[in-house]
Amino acid sequence: MTKKLVKKYYAEYGIKEWKRLARDPYHRLEFDTTMYFLKKYLPKKSLILDAGGGPGRYTIKLAKMGHNIILLDLTQELLEIAKRRIKKEKVQNKVEQIIQGSIDELSMFENDAFDVVICLGGVLSHIVNKKQREKAISELIRVTKKNSQIFVSVIGRLAVCMNSINYLWPEMLEAPDVYKKFTIKGDYLGGYGFAPAHFYSPEELKKEFEGKTKFLEMVGLEGIFSTHPRRYNRVYKLKKYNKILGETHLKTCTHPNIAGISEHFMIICKK
Ligand SMILES: C[S@@+](CC[C@H](N)C(=O)[O-])C[C@H]1O[C@@H](n2cnc3c(N)ncnc32)[C@H](O)[C@@H]1O
């Protein structure tokens, strides 16, 4: 049921999802920080599964870097955007397949099929049911080669709570059950302008991968700037502070507490 709502949300969101990561400097933090850490670990010329890759921003970037990619996503409309963009960027030869499917059911791939698996931008968060999420995690791990890396970024619960003060108060407080559910448990079933989602704490995400993979790093993608888009964009546009902003971000984004307050955070682990 929630899968249907998620699909509907992204089908309607369409081109806005392609623009999301390049919308402004604040949104680019998610993309640039993720790319920084992908580059840190990626072996040259890998075969990568972009699981929930949507309109294909990471697929295209990684293809341009010489990797081969299989792009999988739940939402056909976003895959159509990806196909057009891939063609426009002339990287069709690096994108081996574009598949409509769900990360909790990857039976089309053999065990150990990929050098690297990425599942970015809250794909896992869109599976609200815990058992189904566990199935998705075990599928992502199953298709990753032994000793290879898995990168998963999710939506952070505390940042959603903080953002709700700015964007959803007081309306949300009129629905105390909904409010309590997403602030305390992290579960949100939709109805307030966003697709159903499970908002994570870092400890919880780490626990879900524990025992099945070796933990490498946790990264707060918007880091210390989280929940301050307007202020960050304004200062960034002045240009003269960009060096100090970038340096401070990279020095702090792997601090254990920073993931907890980030809008998105990423776990990096090794099978
Ligand atoms: C915020 S977008 C992120 C897209 C891309 N990974 C990125 O970071 O730019 C979330 C994506 O998750 C996809 N998605 C949601 N649930 C999914 C599932 N169960 N399996 C595969 N994709 C899913 C949506 O269709 C959407 O493309």
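The values are calculated or read from the model by the stated rules, or taken from the named source; none is laboratory data. As the structure is a computational prediction, the values presented were derived from the model and not from experiment. FYI the Cβ positions are ideal-geometry reconstructions off the backbone, even for glycines, and counts take in every protein chain you see. Surface accessibility is based on the protein's heavy atoms, side chains included, excluding ligands, DNA and RNA. Shrake-Rupley method; radii C 1.70, N 1.55, O 1.52, S 1.80 Å.
Positive end of the dipole of the range 108-167 (Cβ unit charges, origin at the Cα centre): among Leu140, Val128, Val116, the Cα lying farthest that way belongs to Val128. Judged by the gyration tensor of its Cα atoms, with axes a ≥ b ≥ c, the chain is rounded; a/c sits under the 1.5 cut. Its Cα centre serving as origin, the range 67-193 has a Cβ charge dipole (Lys and Arg +1, Asp and Glu -1) of approximately 280 debye.
Rolling a 1.4 angstrom probe over the protein heavy atoms with all chains in place gives the range 85-220 an accessible area of 49 Å² per residue.
Please report the spacing between the Cα centers of the range 6-41 and the range 146-219 in Å, no decimals. Using only Cα atoms to place each centre, the spacing works out to 17 Å.
Magnitude of the charge dipole for the range 2-270, about its Cα centre and with charges confined to Cβ atoms of Lys, Arg (+1) and Asp, Glu (-1), is about 1020 debye.
Nearest-5 percent of antiparallel DSSP beta bridges in the range 2-270? Taking every DSSP beta bridge with both residues in the range 2-270, the antiparallel ones total about 45 percent. Ranked by solvent-accessible area (1.4 Å probe, protein heavy atoms only, all chains present), the residues Arg20, Arg84 order from largest to smallest as Arg84, Arg20.
The GluC sites (Glu not before Pro) of the range 52-145 that DSSP puts in a loop, and whose beta carbon has at most 10 other beta carbons within 10 Å, are Glu110. Computed over protein heavy atoms with a 1.4 angstrom probe, the accessible surface ordering of Thr213, Thr254, largest first, is Thr254, Thr213. When the surface is traced with a 1.4 Å probe over the full set of protein chains, Glu174 keeps roughly 150 Å² accessible. For the range 180-271, the dipole from Cβ point charges (+1 on Lys and Arg, -1 on Asp and Glu) about the Cα centre works out to 400 debye, to the nearest 20. Note on surface exposure: Asp32, Asp50 rank Asp32, Asp50 by accessible area, highest first, 1.4 Å probe. Report, in deg cm²/dmol and to the nearest 500, the calculated mean residue ellipticity at 222 nm for the chain, where each DSSP H run with n ≥ 4 adds -39500 (n - 2.57) and the sum is divided by the residue count. My calculation for the chain gives -13000 deg cm²/dmol from helical runs alone. Ligands, DNA and RNA left out, the 1.4 Å accessible surface of the range 2-270 is 54% carbon and sulfur atoms.
Placing pseudo-labels 7 Å out from each Cα toward the beta carbon at Ile99 and Thr248 gives an inter-label distance of 4.4 nm.
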